[in-house]
Amino acid sequence: MELTLSIEELCKELNLSTIAIQYHEIATIAAKEDWQYAQFLQELLSQEFENRLGRSKHTLTKLAGFPVIKTLEQFDYTFSIGVNRKQIEELSNLAFIKKHENIILLGESGVGKTHLAIALAYKAVQHRYKVRFTTISELLSQANRAKKEKKYDSFLKAITMPSVLVIDEIGYFNMSKEEANHFFQIISKRYEKSSTIFTSNLVFSKWVQVFAGDKIVTTAILDRVLHHSHIINIQGDSYRLKEKKDQGVLHSEIYKFEAKSSSFDNQKQELV
């Protein structure tokens, strides 16, 4: 005996969840407007595709691990010095991912490096690229743990998977020789296979101090990082401090700090 399945059951078997929910409503519209069968089918499949695309983007965004969502539209080009809007717009077409090129964002804290890094990576997610965001401290912590747990090969394999890897905050602390070697291994694994976005508060001439003072390792790292790369050197004051100034908070905090310092000095004099 031939088994006859309902539309809902067929959709469930074929994993067409959107069609299962919307087919009746779309069929009603199609009947009223006298659609052709091909138009009706195209609308059903388009709804299913759009829904799946949305779910895919949501999942990829969650897996990326962004600390916060930033977009290129939110970036203030009038505040930061050294950011070429045309260059950023060209990078936003994501051709650098297909070419396995890197992006290096240099500048002091608060000038917008992380904002641009996240915004470009988020744009990649919207085009269904696999992305991962991490700070250098988090990345090295994971490498150290993987080494201790004898899962280092699996760690290195996993780190090559994202089409775009964002490594934030290079230069905020100096690495041990083992950590510098971890970083070299990570860069080597991804070299010319995928794209990495770096942010650093240090110019390249000072990177040697970060990598345990090892000139050989630093040269090897920079050789791979800078090859096929786009360098953006951002100058200017901290945007976060600018916001505080605009709100009048910074002046208030400075006043409190100076008052505390004055009180502390007076107490020291009384003790003397």
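A few remarks follow.
- Mean silhouette area of the range 76-125, derived from the convex hull of its C-alpha atoms and averaged over all directions, reads 3.5 nm².
- Principal axis analysis of the Cα atoms in the range 70-164 yields extents of 49, 29, 19 Å, listed in decreasing size.
- Inter-part distance where the range 122-156 and the range 48-80 are each reduced to a Cα centre, Å: 19
- The relative contact order of the chain, computed from alpha carbon pairs under 8 Å that lie at least 6 residues apart in sequence, is 23 percent.
- The H on the amide N of Ile104, modeled in the peptide plane, is under 5 Å from the matching H of Phe198, His230, Ile231, Ile232, each at least 5 residues off or on a different chain.
- For the chain, share of DSSP beta bridges that run antiparallel, in % to the nearest 5: 5
- Accessible solvent surface per residue of the chain, calculated while the other protein chains remain in place, 1.4 angstrom probe, Å²: 62
- Our estimate of slack between Arg128 and Lys98, defined as 0.36 nm per intervening residue step minus the Cα-Cα distance, is 9.5 nm.
- FRET efficiency estimate (nearest 0.05) - Cβ-Cβ, Asp76 to Leu202, R0 25 angstrom: 0.60
- Rg/Rh, computed from the Cα trace of the chain with Rh as the Kirkwood radius, has the value 1.15.
- Principal axis extents of the C-alpha atoms in the range 1-63 (largest first, rounded to whole Å): 42, 38, 16.
- Accessible area of Asp214 in the full protein assembly, 1.4 Å probe (Å², nearest 10): 40
- The label-point distance for Glu33 and Ala220, in a model that sets each label 7 Å from Cα toward Cβ, rounds to 6.3 nm.
- Cα gyration tensor shape of the range 1-152, rounded if a/c is under 1.5, else prolate or oblate by comparing a/b with b/c: oblate
- Highest GNM mean-square fluctuation among Glu108, Glu73, Glu89, for the chain modelled with Cα contacts below 10 Å: Glu73.
- Calculated [222 nm] ellipticity per residue, helices only, for the chain: -18000 deg cm²/dmol; basis is -39500 (n - 2.57) per DSSP H run with n ≥ 4, divided by all residues, nearest 500.
- Between Ser141 and Asn233, full extension at 0.36 nm per residue minus the direct alpha carbon distance yields a gain of 30.4 nm.
- Residue of Leu72, Leu106, Leu53 that the Gaussian network model of the chain assigns the largest fluctuation, springs spanning Cα pairs under 10 Å: Leu53
- Long pairs among Lys98/Lys189; Lys57/Lys193; Lys57/Lys177; Lys62/Lys215; Lys70/Lys206; Lys57/Lys206, criterion Cα-Cα beyond 27 Å: Lys57/Lys177; Lys62/Lys215; Lys70/Lys206; Lys57/Lys206
- Rounded to the nearest Hz, the phi-derived 3J(HN,Hα) couplings of the range 156-162 under the Karplus curve 6.51 cos²θ - 1.76 cosθ + 1.60 (θ = phi - 60°) are 5, 5, 5, 6, 8, 5, x, where x marks glycine and proline.
- For the range 64-121, the relative contact order is 60 percent, taking Cα pairs closer than 8 Å that sit 6 or more residues apart in sequence and dividing their mean separation by the residue count.
- In a DSSP loop and with at most 16 other Cβ atoms within 10 Å, the GluC sites (Glu not before Pro) in the range 162-238 are Glu192.
- The calculated FRET efficiency for the pair Met161 and Glu50, based on their C-beta separation and a Förster distance of 35 Å, comes to about 0.85.
- When the Gaussian network model of the chain links Cα atoms closer than 10 Å, the mean-square fluctuations of Ala95, Ala180, Ala30 top out at Ala30.
The values are calculated or read from the model by the stated rules, or taken from the named source; none is laboratory data. Just so we're clear, the structure is a prediction, and the values are computed from it rather than from any experiment. All Cβ positions, even for glycine, are placed from backbone atoms using ideal geometry, and neighbour counts span all protein chains on display. For accessibility, only protein heavy atoms count, side chains too; no ligands or nucleic acids. Shrake-Rupley method; radii C 1.70, N 1.55, O 1.52, S 1.80 Å.
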